[in-house]
Amino acid sequence: MEKKDIRSLSYRELEELLVSYGEKSFRAKQVYEWVHQKLVPSFADMTNLSKNLREKLEEHFCISPLSVVDKRVSQNDGTAKFLFQLQDKRVIESVLMKYKHGNSVCISSQVGCRMGCRFCASTLGGLERNLTPGEMLSQIYEIQRNTGERVSNVVVMGTGEPLDNYDNLISFIRMLTDEKGLHISQRNITVSTCGIVENIRRLADEKLQITLAISLHAPDDETRKELMPIANKYTIQEIFDACNYYFEVTGRRISFEYSLVEGVNANEKEAHKLGELLKSRLAPNAHAHVNLIPVNKIKERNYRHGAESEIINFKNIVEKYGINVTIRREMGSDIDAACGQLRKSYLDQSNS
């Protein structure tokens, strides 16, 4: 029988549990610190708890619901990709990226994904299940323990659609930013979505100070439908209305992800359409940021990005509309660091 994941318990839930065990409520602070700050691997390490309590916790709970199956470190830039196995033997992946401003971890929010974006390896096998708050936290914790390095930025942009796992995502964010845990600033967390409109509005009402990243990938609905099945449910106008609401409530800048696919969405005409779209549809004060992503090659798709000069030209055109644009630096290209690649490779080998 699988043990329960203690990292998924909120502070209040942990306090209620320990009181039900006949313990004083202050024990919750001790256990929570061991689990979320000191990141100990076992209950036996919790030296300020009684032996009886440690044994009771060990009987019913696990500390980490995942283990490292594979780790690859880029010789190019130090990017590290982790393949984790969960208690039910399913696998997920996470990436540690090193920048001058600090270490950033990109985590998964689901096992697989049901959104079906054409250019993404994560979605090829469909959705298997949601990740718990503890499974999301543990990706960060285990990377910190494995590398001995502090994580300062978290991006929920790995396998899965975060807003398709809404309640667990919100619990994860609140626990990650809690001063009793790692206490990472909300402003250092980015959540990506392909555009689940009603949950963008729900997220706004949480009044968090995180960065919202919209996977846009096209300047019009017709092109977007070619790349993203979600575009058949929500129009770009509906997404932008939700983004304007998000900015109105939170005051936070919106980031737009745009994967450049040669022959689909990456020519000069599309660049002008994108610039005009962002200039005309966003609220006047809702400063937009566009992150251009040269599409990653995956063997199941025939997509590729254009020459570097074409990518720079696309960037320059969009910037003429007063939009802030960056080109995402390719990291970990020698270790299958793009989303879903390592997991897909592992599953293909396991099934062969």
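The values are calculated or read from the model by the stated rules, or taken from the named source; none is laboratory data. Not measured: the values here are computed from a predicted model. Note that each Cβ is placed from the backbone with ideal geometry, even for glycine, and that neighbours are counted across all protein chains shown.
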Completion exercise
Conditions (1) touching a helix residue (DSSP H, G or I) at 6+ places or on another chain (Cβ under 7 Å); (2) in a loop (DSSP other than H, G, I, E, B) -> N285 fails only (1)
Problem - Sole residue being assigned to a helix (DSSP H, G or I) and either in contact with a Phe, Trp or Tyr (Cβ under 7 Å, 6 or more places away or on another chain) or modelled with pLDDT of 95 or more (or both), chosen from I184, I143 - result: I143
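Given the condition under 12 Å from the mean Cα position of the chain (by Cα) and of a type in the set (V, I, T), answer yes or no: does some residue in region 170-185 qualify?
Initially, region 170-185 is screened for residues under 12 Å from the mean Cα position of the chain (by Cα), giving 172-173.
Filter again for of a type in the set (V, I, T), leaving 173.
Among the residues of region 170-185, at least one is under 12 Å from the mean Cα position of the chain (by Cα) and of a type in the set (V, I, T), which makes the answer yes.
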Completion exercise
If we keep only residues of region 217-244 that are free of Cβ contacts under 8 Å to residues at least 24 places away in the same chain and in a loop (DSSP other than H, G, I, E, B), then the residue farthest from V325 (Cα to Cα) is K233
Exercise for the section: Quick one: which residue in G148, G158 is at pLDDT below 95, within 11 Å of the chain's Cα centre (by Cα), in the same structural domain as M228 (by TED's automatic domain parsing) and within 24 Å of K81 (Cα to Cα)? Expected result: G158
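Collect the residues in region 255-289 that are under 12 Å from V325 (Cα atoms) and either without any contact (Cβ under 8 Å) to a residue 60 or more places away in the chain or surrounded by fewer than 18 Cβ atoms within 10 Å (Cβ to Cβ) (or both), keeping them in residue-number order.
Step one: filter region 255-289 for residues under 12 Å from V325 (Cα atoms), giving 255-258, 271, 274-275, 278, 287-289.
F256, Y258, A271, L274, G275, L278, H287, A288, H289 - these are the residues of region 255-289 that are under 12 Å from V325 (Cα atoms) and either without any contact (Cβ under 8 Å) to a residue 60 or more places away in the chain or surrounded by fewer than 18 Cβ atoms within 10 Å (Cβ to Cβ) (or both).
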Handout entry: Restricting region 303-318 to residues that are surrounded by 15 or more Cβ atoms within 10 Å (Cβ to Cβ) and modelled with pLDDT of 95 or more, the residue that is nearest to A266 (Cα to Cα)
Key = F314
Practice task
Select from region 187-216 the residues that are part of a loop (DSSP other than H, G, I, E, B), out of contact with any Cys (no Cβ under 8 Å at 6 or more places or on another chain) and either of a type in the set (K, R) or buried (at least 18 other Cβ atoms within 10 Å of the Cβ) (or both) and list them in ascending order.
Solution key: G195, I196, K207, L208, I210, L216
Completion exercise
The one condition Q110 fails out of (1) touching a Lys or Arg at 6+ places or on another chain (Cβ under 8 Å); (2) crowded, with 19+ Cβ neighbours inside 10 Å; (3) more than 20 Å from S8 (Cβ to Cβ) is (3)
Practice task
Only one of these is crowded, with 17+ Cβ neighbours inside 10 Å, out of contact with any Cys (no Cβ under 7 Å at 6 or more places or on another chain) and under 25 Å from R174 (Cβ atoms): V31, V40, V19. Name it.
Solution key: V31
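Would you check which residues across region 120-167 are among the charged types (D, E, K, R) and surrounded by 23 or more Cβ atoms within 10 Å (Cβ to Cβ) and list them? Before you say what the answer is, go through the steps one by one.
Of all residues in region 120-167, those among the charged types (D, E, K, R) come to 128-129, 135, 142, 145, 149-150, 161, 164, 167.
Across region 120-167, the qualifying residues are E135, E161.
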Problem - Condition check for S94: of a type outside the set (V, I, T), assigned to a loop (DSSP other than H, G, I, E, B) and buried (at least 21 other Cβ atoms within 10 Å of the Cβ) - result: no
Handout entry: Number of positions in region 193-240 that are touching a helix residue (DSSP H, G or I) at 6+ places or on another chain (Cβ under 8 Å) and under 24 Å from K279 (Cβ atoms)
Key = 27
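Quick check on region 1-24: of everything there that is part of a loop (DSSP other than H, G, I, E, B) and more than 27 Å from the chain's Cα centre (by Cα), which residue is farthest from G148 (Cα to Cα)? Lay out the reasoning, then the answer.
Of the residues in region 1-24, the ones part of a loop (DSSP other than H, G, I, E, B) are 1-3, 9-10, 21-24.
Subsequent filtering for residues that are more than 27 Å from the chain's Cα centre (by Cα) retains 1, 21-24.
On the way: M1: 32, Y21: 34, G22: 36, E23: 33, K24: 33 Å.
Here the answer is G22.
Does E222 fit the bill of being surrounded by fewer than 23 Cβ atoms within 10 Å (Cβ to Cβ) and more than 18 Å from I170 (Cα to Cα)?
Numbers: surrounded by fewer than 23 Cβ atoms within 10 Å (Cβ to Cβ): yes; more than 18 Å from I170 (Cα to Cα): yes.
Considered against the rule, which asks whether it is surrounded by fewer than 23 Cβ atoms within 10 Å (Cβ to Cβ) and more than 18 Å from I170 (Cα to Cα), E222 comes out as yes.
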Problem - Filter result (out of contact with any Leu (no Cβ under 7 Å at 6 or more places or on another chain) and assigned to a strand (DSSP E or B)) within region 97-110 - result: M97, K98, Y99, G102, S104, C106, I107
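Output the residues belonging to region 25-78 that are part of a strand (DSSP E or B) and of a type outside the set (D, E, K, R). So that I can check it myself, show each step before the final result.
Filtering region 25-78 for residues part of a strand (DSSP E or B) gives 61-62, 66-73.
Matches in region 25-78: F61, C62, L66, S67, V68, V69, V73.
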Completion exercise
For region 78-95 the number of residues that are within 13 Å of S108 (Cα to Cα) and not hydrophobic (A, V, I, L, M, F, W, C) is 5
